[in-house]
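One structure below.
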Amino acid sequence: MSEEWIWWKHGIIYHIYPLSFYDSNGDGIGDIPGVIEKLPYLKELGVDAIWFSPLYESPFADGGYDISNFRNIDTRFGSIDDFRKLTEYAHTLGIRVIMDLVMNHTSIQHDWFIESNSSTENDKSDWYIWHPGKNGKKPNNWKSAIGGSAWTYSSERKQYYYHSFFHYQPDLNWRNKQMREEYFKQVIYWLDLGVDGFRLDVVNLIVKDKKFRNAPLLSSFPFLSTKSYTRNRPKSFKVLKQLRKIVDGYQDRLLLGEIYAPPPGDSTVAARYLGSDTPLLNLAFDFSLIYRLWNPKSYMRVIIRALELIPEGGWPCNVFSNHDLLRYLNRPGFYWFREEKAKLIATLLLTLKGTPVLYYGDEIGMRNTSLRFSELQDPTGKKYWPFYKGRDRARTPMQWNRDLHAGFSKVKPWIPLNPDYLQRNIESQSESEKSLLTFYRKLIKVRKEYLPLQMGNWIPQIEGENGIMAYSRVYENECLLIVLNFRNYYKSPVFSEDAQVKVLISTHRNTEETTHLNILRLFPFEGTIFQVID
Ligand code: BGC
């Protein structure tokens, strides 16, 4: 397959938070056989790949991002055989399977940590980041992402260990060769099993300063600044090069990095991992779009900047919601006219240059759910309540239909449903011509049919002035024009040139309808993909 046509460039990735997709065995928790059952739904929607948040064995102190055994599937989700069946069936449907790869840390319950913690002289004593401390105090001022010192004292080993996140998620030491080799064996294990790629969790955090230097005050909070000693270290690029080499031993596998840069986002960071000579990652999440409010000028600004920064050989990756950053429809600026705005965001996501990533439920406009403290599972919510109510609000069960428990499970789900499932669910939206889900299905179809939307250049036409975003996508001799009206008013956009255009899909117009750009009057919150015919 030519690099130009590789699946992860033109495909659509669908992100599943496995606890919440579909419960097949009546324990209130989503599972792999449940996903198998729902694969035809995903096929019909038109997705090309699924990315699973971690399915591995875990005590689930951080939603599965605290792994106690990388080689096994957690029993709450099923077995390794279930996973094999899933992969095989997905492949017969033409859907790829992407696993989450948490390289930065393990659970405190992982065998590696238990051994490493047992003494200063065991085989794995250097597999985590240990330090004796300084004058009876913590080694330095490094802070964990969730606040407080990143160092915890082990009374067993009588040293401190480093954790970028919670104390039960000790960071691995990527400077240790044996650990690296063992870790990579697990990667090979999953690749051999047929996995099509990995989403690399917080991959720009994996290596820390060798000298343990104190961070400048502000940047000692990892999520406040990128200028710290605990991220984007030169050695992490070397580690990724090794991983790249392994993955390239297999055909067409994807490495998609979560490259965290704190709000307002900084596309330069993600771009560094997409370098041209030997791209380390194929795709990198750059959250600058997620952080924007409802403002076409600022959307345009960050899109243009990201595209300028991505080196040749790199490819953009666009996303609006995920399991950490909550549902986009609950962000400031989205409060009014959410239904209309959801359709505009769908149009934007599927027509920008790059690979779109949909978070489960985005296709029906799922929202954050209000939860009580006693209902929370997410440790960040528990820690910062009531100021921050945690990420579970965006991890609630998929709303399949109006039945009891929204058709997600036969019993009470692991976390409360959003009560709006009675109105907002897949079954009812499937039946309605005007629903968001129907719109998504049609949009995805158009995207698959018209190559400019998958592969074309992206050329800005109106950069947010007057509430309007317009851009063209051009591939070979075909040109499409996407026009989005962000305002609740009729608008007459001014284009630099006139052209005759035909509607391919629109929130307001009939398909096939033709018009001229110089007489175009947009409906409030209109989003339309035109084909330029003359
Ligand atoms: C994941 C989070 C997780 C953290 C620690 C991330 O960025 O997406 O859900 O809590 O890494 O693994």
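Every number here is computed from the coordinates shown, using simple stated rules; none is lab data. These numbers were taken from a predicted model, which means no experiment stands behind them. We place every Cβ from the backbone using ideal geometry, glycine too, and count neighbours over all the protein chains shown.
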Fill in the blank from the handout: With label points set 7 Å from each Cα along the Cα-to-Cβ direction at Leu293 and Thr511, the distance between them in nm comes to 3.7
Handout entry: Whole-Hz couplings from phi, Karplus 6.51/-1.76/1.60, listed for segment 15-25; x for Gly and Pro
Key = 8, 10, 8, x, 4, 10, 8, 7, 9, 8, 10
Completion exercise
Taking 429-438, 160-169 and ranking on average Cβ neighbours within 10 Å, highest first, one gets 160-169, 429-438
Fill in the blank from the handout: Karplus-derived 3J(HN,Hα) from phi for segment 429-444 (6.51 cos²θ - 1.76 cosθ + 1.60, θ = phi - 60°), whole Hz, x at Gly and Pro, runs 6, 5, 7, 9, 5, 9, 6, 4, 4, 4, 5, 4, 4, 5, 4, 5
Fill in the blank from the handout: Full extension between Thr75 and Phe387 adds, at 0.36 nm per residue less the Cα distance, a length in nm of 108.9 nm
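Please give the calculated 222 nm ellipticity per residue for the chain, where each DSSP H segment of at least 4 residues contributes -39500 (n - 2.57) and the sum is spread over every residue; nearest 500 deg cm²/dmol?
Details: 13 runs with 134 residues, N = 534.
Here the helix-only value at 222 nm equals -7500 deg cm²/dmol.
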Completion exercise
Going from the fewest other Cβ atoms within 10 Å to the most, one would list Tyr260, Tyr250 as Tyr250, Tyr260
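Suppose the chain between Asn477 and Glu121 were pulled fully straight at 0.36 nm per residue; how much longer would it get relative to their current alpha carbon spacing? Working shown, then result.
Working: separation 356, 0.36 × 356 = 128.16 nm, distance 6.63 nm.
Using 0.36 nm per residue and subtracting the Cα-Cα distance, I get 121.5 nm.
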Completion exercise
If R0 = 30 Å, then Asn330 and Met455, at their Cβ-Cβ distance, give a FRET efficiency to the nearest 0.05 of 0.35
Practice task
Relative to the longest principal axis of the C-alpha atoms of the chain, give the angle of the C-alpha long axis of helix 338-351, reported between 0 and 90° and rounded to the nearest 10°.
Solution key: 80
Problem - Nonlocal amide H pairs with Tyr56, under 5 Å, H built at 1.01 Å - result: Asp74
Fill in the blank from the handout: The simple spin-label model distance between Arg402 and Asn135, using points 7 Å out along Cα→Cβ, in nm, is 7.0
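What is the Å³ per residue value for the convex hull set by the Cα atoms of the chain? Don't jump to the answer; show the numbers that get you there.
Numbers: hull volume 78.4 nm³, N = 534.
So the per-residue Cα hull volume is 147 Å³.
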Handout entry: In degrees, nearest ten, helix 32-45 long axis to first principal axis of the chain (Cα)
Key = 20
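Using a Förster radius of 41 Å, what is the FRET efficiency between Glu465 and Gln423 based on their Cβ-Cβ separation? Nearest 0.05, please. Please report the intermediate quantities before stating the final value.
Values: r = 36 Å, r/R0 = 0.88.
That gives a FRET efficiency of 0.70.
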Exercise for the section: Give the angle, between 0 and 90 degrees and rounded to the nearest 10, that separates the Cα long axis of helix 234-247 from the longest principal axis of the Cα atoms of the chain. Expected result: 70
Fill in the blank from the handout: To the nearest 0.05, the calculated FRET efficiency linking Tyr189 and Phe373 through their beta-carbon distance, R0 being 56 Å, is 0.90
Problem - Euclidean distance of C-alpha centroids, segment 335-402 and segment 79-141, integer Å - result: 28
Problem - Estimated distance in nm for a label pair at Glu433 and Arg175, the labels positioned 7 Å out from Cα along Cα-to-Cβ - result: 6.6
